[in-house]
Structures are given as C-alpha cells and as structure tokens.
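Everything below concerns the one structure shown next.
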Amino acid sequence: MFSAISILSFAFVESACSQTDTLPEFPSSKEIEPTVATSLEESNGLLRFSYSVRNGQNAAQDIWIFLVEINVGEFVNLGPVEWRSSNIRRDTIRAASWGALDTTVMIPPGGILHGFAISANSIPAITNYYAVGYSEPPEGEFDYRPGSNDVFYNSVKGKTIGPASFPVTFDPIVFVDTLVSYKHQAFCIGPN
Amino acid sequence: MTRGGKPVTGHPFRLTTEYVDSSGGHDHFADRRNVNFTRENYGHFILTRTNGHIDRPYQGETQLNGIEEFHYAASIWGDSMRIKIESTQLPKLLNDSVTIAERVPDLELLPERDSYVRVGGTDEHRGPPDFIEDRNHYGTATLIEDVTAIADSFAVEYENHRLRINDMSLPFGGAFDINGNWEQDVIEPNCRQPGFGHCGHRRGQNADISFQLINPRGQQVVMTGRQRLLLLQIITLIAGAPYQHSSHLHVQ
C-alpha cells in the first residue's frame, strides 16, 4: 500500500509581466511655447518672486498649469484671478503650482498672463519651471508608459528664478562660486 | 510519492486546479469555465524537467525519485485556487490538495472619509452603497494616499461636497469582470472600450472618480464644468493626468 502522495514542490510564477518599455506615452501636454519673465522685490523681509507666463503664437494648446520648483522650507504662492494656487511634492521635488479654474482664463496661443507670485524668506536661485498644455483626457482605457502622464514629465520645462534657502553656513568663496555659476548658467540659457 | 518511506516510480497521477467559490471579492457564481481561456481562468502548470507549459488537468507518472516537479503560473484572477493531485489508480485513497491565494500583495481598503463616498458595489462584487461589505475599493498605499489627497483638495475648494469614488481593485487584485461573467476583462479589446471594461483595475493602481458628486444637501448631482475642470486639475497634479469614460475620470 502506498503511504503518501503529496504536493511536494510548487513554485509560483507570475502569469503576466507587463512590457512597460513598449507602452505608448500618454498624449502630449507639451504643445505649448512658454516663456517666463521673473521680477524680484523685497517686502517685509521676504523676497517676492513675480512671474509672467507667455504662450507662443504657434502653440497648439492653452497653458493651464504652471509650476515653479521650490528649494525653500516655507513659502506662500498667490495667483491670477481664477487660478488656483497650491503646492505639490513628487519624490524630492517640491513645487508651487497654479491651475486655471475655468477654460476662459487659460493662457491661449499668443497670450500672456501676469500675477503668479511666490513669497519666501529666501535668496534667489536658478530653478525649473514647468508649463502644462490643456487637452481633454483621452477616452477609453489604455496602458501608458508609467510616469508619462506626470506633470513633471509631460510638460515643457525651462529655467527661471525662484526662492532657495539660506545656506546653513556662509562660506564667502562658495558663495562667489555660486554667483559665478549662476552667471554661466544665465549666459547659457540666454535671453528668455 | 512514497511507499514505506521510499520513492515510488511510474505511478500515474492527475494534477489539476479548482477555483474556490466567492474568493478574491468575486461574489458571482456564474460558470467561469470558458474553454477559450483555460490558462487565464485556471492557471496552468510548467513541468520543470521539460520547461513545458501544460494546461490543467495534467496526467503523468512519478519520476525515478518519486517526484514530479511543477511551477504553477497563476490565473489572471485574484482569488483562491485549490491545486489537487490524485492517483489515477486509487483516487479516493491517494490524493492531496493545497489552497493558495493568487493576489497582488499589500492592497489596502480605502477607508471611510468625509471628503468622499465609496460607490459602485454590485451583486457580483459587493460594495457600498448597497452592501456593507466593500470589495471594490482596494488599492496600493500610494493610490489610497492619492485618492485621499484628491478628495481633500477638492473639498477645500467646494466645502462639504463629497466625491464619489467608484471601482478601484478587488481585495486580491487581478482581473475585474464588471458584469461577473469572468470574461469582460479578459477579452481584448473589449475591456478597453469606453464605458465597458476594467483592464486598468488589476493591480490596485487605478480608481474611478465619478462626474457626479454629493452636494452639501446630500444630493447626488452632476458636476458643473468648473467642478469637473478642478477635479481634472487636482488629479493631474497629484496622480498624473487621467483618462476618462463617459461617467468618470480614471486615476492611474
């Protein structure tokens, strides 16, 4: 008589592996031509960074979200009328964000909008901005390459001036090097 | 297989799988056994010594050491599966089984919260508002965090309005056959048609947020264009741009 029959060895394998490399990108929100002008003023001991955002004449989409990367602990951001101000964090990136609350206030091709502002106890530094073009969400159920729908990826990225924290310790040589580096970066970016 | 502690060679056996009813959040009893999708529905075996993929049931014989070794490739469903082996000579006497869970790990239930209500439960996959059980709002920690942040941000702009969070994933993840027929989510391209499928709801990384909301008077109303744009903006900023169906935005 047999004494035992048993399931001795099963190893489980995944039934489906997604091929994320071959997936298409999320429909583009980069059909815009942003240029950003920045001005700076001091108010009550805080630096106020003001931004004007222009959308080029040949853009195919309106700009409806604008972000400025932030490198300072606390800040307040205010926006134009009918734009919502908030902030977001993605991994190590923090950004002040503004979004249009109505389609009529988005920045159309050839348009310009003033009134984006950040106030912070900070020093100025070169940082990134991101502008996002508006399109209706695609209809249906699709697989897209992961991350290709993220605002920090599916947007037009550029350089601007934004707030940065004071250095913990002030080293005059490092500070001068930083200023020289900013000058080089600004020269490379050119007039914008 | 052993006899008196020694391996038995050449003994015929039958190996198969059997779905455990009502497991994984599937509350429907419709026959899932569509022969066109055997492997998708029941999983299948991979015979280790040949690396051959084999449909269940498998009939074979024990090898020289009394062992036959397999890998099991899971079905597309999140559920419990019973793997059974029996001697084909003495099936009533010599048999064994093991029940396994086929699941996406670490899915959590979306908790109750003032800024949203959970909806979308059906007889096939029970959940609110018609059932106390909630089997259609499971997700990864990241998705739970995103959905919560989206609803809270919306409530900042529209106080005492509550978003309606429709289907996310089932408790064990896996294919989500909306109509409980074990097919809807299997067949491409059906599951990708607007208003039809749930292809994206397998891994706990997707949630549907309705274009209707609950207003401060507790009424279910269609969002205004302005509210819809705000929701789109908040989702885009927090979770990335969504796609849409006729009735909802699909957070991914």
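The values are calculated or read from the model by the stated rules, or taken from the named source; none is laboratory data. Keep in mind that what you see is a predicted model, and the values were worked out from it rather than measured. Neighbour counts run over all protein chains shown; Cβ positions are idealised from the backbone, glycine included. Surface accessibility is based on the protein's heavy atoms, side chains included, excluding ligands, DNA and RNA. Shrake-Rupley method; radii C 1.70, N 1.55, O 1.52, S 1.80 Å.
When the residues of the stretch B:26-41 are narrowed to those that are open to solvent by 40 Å² or more (accessible area, probe 1.4 Å) and more than 14 Å from every other protein chain (Cβ to nearest Cβ), which ends up modelled with the highest pLDDT? Filtering the stretch B:26-41 for residues that are open to solvent by 40 Å² or more (accessible area, probe 1.4 Å) and more than 14 Å from every other protein chain (Cβ to nearest Cβ), the one modelled with the highest pLDDT comes out as B:F29. For the stretch B:94-113, the set of residues classified as facing another protein chain (nearest Cβ under 10 Å) and crowded, with 17+ Cβ neighbours inside 10 Å consists of B:L94, B:I100, B:E102, listed by residue number. Within the stretch A:26-70, considering only strands (runs of 3 or more DSSP E) that don't extend past its boundaries, which have at least 3 residues that are away from every other protein chain (no Cβ under 14 Å)? So the answer is A:34-43, A:46-55. Cβ-Cβ contacts under 7 Å between residues 6 or more apart (or on different chains), taken from a first residue in the stretch B:210-237 that is open to solvent by less than 20 Å² (accessible area, probe 1.4 Å) to a second residue that is of a type in the set (S, T, Y) and part of a helix (DSSP H, G or I), are listed as B:L229/A:T103; B:I234/B:S153. Only one of the listed residues (B:I165, B:I187, B:I209) is more than 10 Å from every other protein chain (Cβ to nearest Cβ), at pLDDT below 95 and within 25 Å of A:P146 (Cβ to Cβ). That residue is B:I187. Screening the stretch A:104-180 for strands (runs of 3 or more DSSP E) wholly inside it with 3 or more residues that are in contact with a His (Cβ under 7 Å, 6 or more places away or on another chain), away from chain B (no Cβ under 14 Å) and open to solvent by 40 Å² or more (accessible area, probe 1.4 Å) returns no ranges.
Residues checked against (1) of a type outside the set (S, T, Y); (2) over 17 Å from the mean Cα position of the chain (by Cα):
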site: B:M1; (1), (2): yes, yes
site: B:P7; (1), (2): yes, yes
site: B:Y19; (1), (2): no, no
site: B:S23; (1), (2): no, no
site: B:R56; (1), (2): yes, yes
site: B:Y72; (1), (2): no, yes
